[in-house]
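Let me begin by presenting the structure, written as structure tokens, before commenting on it.
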């Protein structure tokens, strides 16, 4: 069997590739060998780029047996040279089996599944036998140990593309009329079929979900604008109510979580503003429209988004509509609220705007406090972040002392610009 | 001993520049890689023999999942040190810390 390359052939080919005299290559490899040995004796470890790491490992003495006579002997303590190829080389050599992953067997499979016994046909033996994995009833004997599979293989031919180099294995694989020979890349699929079938289910579900969500958001804005123009006679009771998720600190998140009633009803509504903002900005936000009639589905959050492109400014609207709105989370259908213009812009607030906003947040705090909602504290904290202490001072009598202390103990991340 | 030191010392011994040695070594390892890939056995005198073989698919036990698994076949490079190297290194104990 011509499966050996001699040292001299190697040298010849390297010399050819590099255009260097053969004797130099010979010297190089020879010296390298000597150095590897030296390095092993000195450090116990030699790494060569692109090839691997030679390692000297000390093996303790252990009992053994003479494989021919069976008599027990003591294997003395000794050093062994181990070689670990670099990852690059390992991957390159193993690239035919690259995608294959271990298949975890279920219990009933484990009882019956058989590791395919070694097959003299080189093409097949590198591949798994799908029947063993998938149809356990084929297997006659229960689960033999891997060691029980005897035949040390003849040199396997794995590389289909380089078969023309090796004249011997090629006819062999041709003469054997196994259907699997053509299934070069079919085989791994069958191997992993068990896995795949499970993987497909969540994948399909996720894709369906995405399509549904996309469809929902695509249809929703159109629906909304239609509703605004046409359906003023909607008979539904108004169901707005929005939780104001001001994302300023983890403290706020905590209070949000402790927050009980409103979020459940309003979570779906709370998602809308962002989308509608994009869809309606063109025609709605441009208007200086200070009047807004509440329709089913509206909330202060939405109105604020439409007006200022910024949902967190809803207290700004709330503070001028105090008498119309009992609970900022629940708006009555058909009432007309006023959305005042900002002095500056929503990106760059004027000092007066900041004061007004702080005032709005304090109002929200007071209302929520009155309604017994825990999130009230959050709004007081936000109001405090505007850097306008005079506004807080204004309501000093109404704000609970303990709340102010709590707020003071929370470290603000940044002041609102 | 790492690659850099190997190159340095080879350059000293052979009277070449480190760059040349690096190139030659790189070509050599690349050549060895492709020789191995062609399923040829390669013996380097005094060092050892490189060859590839395919580890059969086999059944094993995964202690983490506490389940049996079928490990896929894998083609690996194996190395057997030469008798000369064995002889020289067999009884020299190196203390790894």
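Distance in nm between label sites at residue B:14 and residue A:218, each 7 Å beyond Cα in the beta-carbon direction?
6.5
What do you get for the angle between helix B:3-14 and the principal long axis of chain B? Use alpha-carbon atoms, 0 to 90 degrees, nearest ten.
For B:3-14 against chain B, the angle is about 40 degrees.
Work out the FRET efficiency for residue A:53 and residue B:87 from their Cβ-Cβ distance, taking R0 = 22 Å, and round it to the nearest 0.05.
On the way: r = 22 Å, r/R0 = 0.98.
Given R0 = 22 Å and the Cβ-Cβ separation, E is 0.55.
Please state the relative contact order of segment B:1-95 as a whole percent: Cα pairs under 8 Å, 6+ residues apart? Could the numbers behind the result be given before it?
Values: 99 pairs, mean separation 18.8, N = 95.
For segment B:1-95, the relative contact order is 20 percent.
Quote the FRET efficiency, to the nearest 0.05, computed for residue A:400 versus residue A:323 with a Förster distance R0 of 30 Å and r equal to the Cβ-Cβ distance. Don't skip to the answer; put the middle values down first.
Numbers: r = 24 Å, r/R0 = 0.79.
Computed FRET efficiency for residue A:400 and residue A:323: 0.80.
Could you work out how much longer the chain between residue A:91 and residue A:75 gets when fully extended? Use 0.36 nm per residue separation minus the Cα distance between them, nm to one decimal.
Working: separation 16, 0.36 × 16 = 5.76 nm, distance 3.47 nm.
This chain segment gains 2.3 nm when fully extended.
Once label points are set 7 Å from the Cα along Cα→Cβ at both residue B:2 and residue B:34, what is their separation, rounded to one decimal in nm?
The modelled label-to-label distance comes out at 2.9 nm.
Which value at 222 nm does chain B reach when only helices count, each DSSP H run of 4 or more adding -39,500 (n - 2.57), with the total divided by all residues and rounded to the nearest 500 deg cm²/dmol?
Taken over chain B, the calculation gives -12500 deg cm²/dmol.
Report the residues of segment A:316-334 in range of a label on residue A:374: point 7 Å along Cα→C-beta, backbone N strictly under 19 Å from it.
A:329
Treat each spin label as a single point 7 Å out from the Cα along the C-beta direction, and report the residue A:390 to residue A:43 distance in nm.
Rounded to a tenth, the inter-label distance reads 7.3 nm.
Taking the beta-carbon count within 10 Å as an exposure proxy, list B:13, B:87 from fewest neighbours to most. Walk me through the numbers before you get to the answer.
On the way: B:13 15, B:87 10.
The fewest-first ordering by Cβ neighbours comes to B:87, B:13.
What FRET efficiency comes out for the pair residue A:66/residue B:60, r = Cβ-Cβ distance, R0 = 51 Å, nearest 0.05? Don't jump to the answer; show the numbers that get you there.
Working: r = 29 Å, r/R0 = 0.58.
It comes out at approximately 0.95.
Any read-out appearing in this document is the output of simple, stated calculations on the displayed coordinates, not a laboratory observation. Quick caveat: nothing in here was measured; it's all calculated off a predicted structure. Positions of Cβ are backbone-derived with ideal geometry, glycine not excepted, and every protein chain shown enters the neighbour counts.
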